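Every number here is computed from the coordinates shown, using simple stated rules; none is lab data. Bear in mind the structure is a predicted one, so any value in this text is a computation, not a measurement. Please note: Cβ atoms are built from the backbone with ideal geometry, for glycine as well, and neighbour counts cover all protein chains shown.
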Amino acid sequence: MRQNLISLASGTLFGAGLAVSGMIDPARVRTFLDVAGAWDPTLAFVMAGAILPMTVAWFVVRHRSAPIAAEQFHTPAISPIDRRLIGGAALFGIGWGLVGLCPGPAIAALAIQPLPALFFIATMALGAAIHRFALSPSRSA
């Protein structure tokens with residue numbers, strides 16, 4: 001129960017930060033990505049501002065034997081850069097550039113722009129389902 005409350009509070013804080021920073025506004029994201037035109041660097045400051053707390057968090061993780069609300073840390077495994085990773089990153093970037101949303105801001109945008117965000121989330125879920133059932137390595141072997 002405690003972990004669920006911490007997750008809820010963290011997600012709420014994250015969503016509020018996305019909303020306050022303007023990262024859920026597709027027009028602002030597109031002007032940030034338009035480096036050859038009317039570039040708006042505002043979101044670069046938002047992303048740079050996330051580096052400091054994340055640096056502190058990784059420092060804390062390295063110096064603790066266990067987290068506060070769990071028995072052990074769950075850190076991501078290191079995996080090699082391969083074609084699937086590059087292809088997925090490219091697809092993510094193309095989608096972000098075309099639509100102006102990525103998964104976190106899209107979920108936060110449900111509170112402000114429910115119809116466009118819901119359409120984005122539905123198509124994102126469809127893409128995940130296609131990948132899982134048609135393109136996953138276990139199915140292609």
Whole-Hz ³J(HN,Hα) from phi, Karplus 6.51 cos²θ - 1.76 cosθ + 1.60, for the range 41-49, glycine and proline x: x, 3, 5, 5, 5, 4, 5, 5, x
Theoretical ellipticity at 222 nm over the chain - DSSP helices of four or more residues, -39500 (n - 2.57) apiece, nearest 500: -21500 deg cm²/dmol
Using θ = phi - 60° and Karplus 6.51 cos²θ - 1.76 cosθ + 1.60, couplings along the range 67-78 (whole Hz; Gly, Pro as x): x, 5, 10, 8, 7, 8, 7, 10, 9, x, 6, 7
Dipole of the range 2-140, positive direction: furthest Cα of 42, 99, 58, with charges on the beta-carbon: 58
The chain - Kirkwood radius from inverse mean 1/r over Cα pairs (Å): 17.8 Å
Residue-by-residue Karplus 3J(HN,Hα) for the range 81-95, coefficients 6.51, -1.76, 1.60, Hz, glycine and proline x: 7, 9, 4, 5, 5, 5, x, x, 5, 5, 4, 4, x, 5, x
Electrostatic dipole magnitude of the chain [Cβ: Lys, Arg +1; Asp, Glu -1; Cα centre; debye, to 20]: 360 debye
DSSP-assigned coil residues among chymotrypsin sites (Phe, Trp or Tyr not before Pro) in the range 25-103, each with at most 15 further Cβ atoms within 10 Å: 39, 73
The chain: relative contact order in percent, alpha carbon pairs under 8 Å with at least 6 residues between: 29 percent
For 123, 55, order by how many other beta-carbon atoms lie within 10 Å, fewest first: 55, 123
Farthest toward positive dipole pole in the chain [+1 Lys/Arg, -1 Asp/Glu at C-beta], among 117, 22, 76: 76
The chain: most fluctuating residue of 70, 106, 19 per GNM, C-alpha cutoff 10 Å: 70
